[in-house]
Structures are given as C-alpha cells and as structure tokens.
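These notes are about the structure you will find just below.
The values are calculated or read from the model by the stated rules, or taken from the named source; none is laboratory data. What you see is a predicted model, and the numbers here were worked out from it, not measured in a lab. Positions of Cβ are generated from backbone atoms using ideal geometry, with glycine treated the same way; all protein chains shown enter the neighbour counts. For the accessible areas, the whole protein counts, side chains as well, though only heavy atoms, and no ligand, DNA or RNA atoms are used. Shrake-Rupley method; radii C 1.70, N 1.55, O 1.52, S 1.80 Å.
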Amino acid sequence: MDISKSNEGDKTVLTVVGRVDTTTAPAFETALAGVAGVASLVIDLAGVPYMSSAGLRCLLSAQKGCMSVGGALEVRGAQPAVREIFDITGFSDILTLV
C-alpha cells in the first residue's frame, strides 16, 4: 500500500493505493495520525481494491478527529467492491462519499 499527501486549496488529500487490510492498516492509521487536526480531509480511495474492517476503523477514527475540530472528512473514488463494503456495514450512511 502507498499513501501520498497533497493539498487542494484548503483541503488535505490522502491518496491511498493498494489493499487496506490488517497488514497495511497500521500504516494507514499512521498516515491519518499525521494529518490529525486537519479540518478538511479528503481520502482518495480510487486505487484501493479492498478494505477490511481494520481500514474501516481507521476511517471512522479519522472522521471523529475531523469532527472534533469542526471539520469534515470526505471519501472520494471508492471502487465498487469497497463501496459495497461501505453499504453492507452502514458506513455509507456515516461517511461522506463522493
């Protein structure tokens, strides 16, 4: 899994490429911790073919962090398989998916 960070105006964007599972989730969590306190965070999952519950936990934690500073988390580009996981787990109702 690879994660890169960029900025789009006032938004911080983390672009994730590769599987987010129990093996790679710690690196994902570390990357998210590196942007803690950012009010406007976008996580681009266009390059993620699979996400386990460990990845979902990381997303939920990141969303709580953004909300704690009055901001918002946006999840962009989820592939159909990942989007299905969001739908089945109810994360589609919790996260802002674009």
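Structure above, values below:
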| item | result |
| --- | --- |
| Spans of strands (runs of 3 or more DSSP E) in the stretch 1-88 with at least 2 residues open to solvent by 60 Å² or more (accessible area, probe 1.4 Å) and among the basic types (K, R) | none |
| A62 vs. criteria in contact (Cβ under 8 Å) with a residue 24 or more places away in the chain, out of contact with any Ser or Thr (no Cβ under 6 Å at 6 or more places or on another chain) and of a type outside the set (V, I, T) | yes |
| Filtered residues of the stretch 89-98 (kept if under 15 Å from V20 (Cβ atoms) and open to solvent by less than 50 Å² (accessible area, probe 1.4 Å)) | F91, L95 |
| Positions within the stretch 11-49 being under 21 Å from T96 (Cβ atoms) and of a type in the set (S, T, Y), in sequence order | T12, T15, S40 |
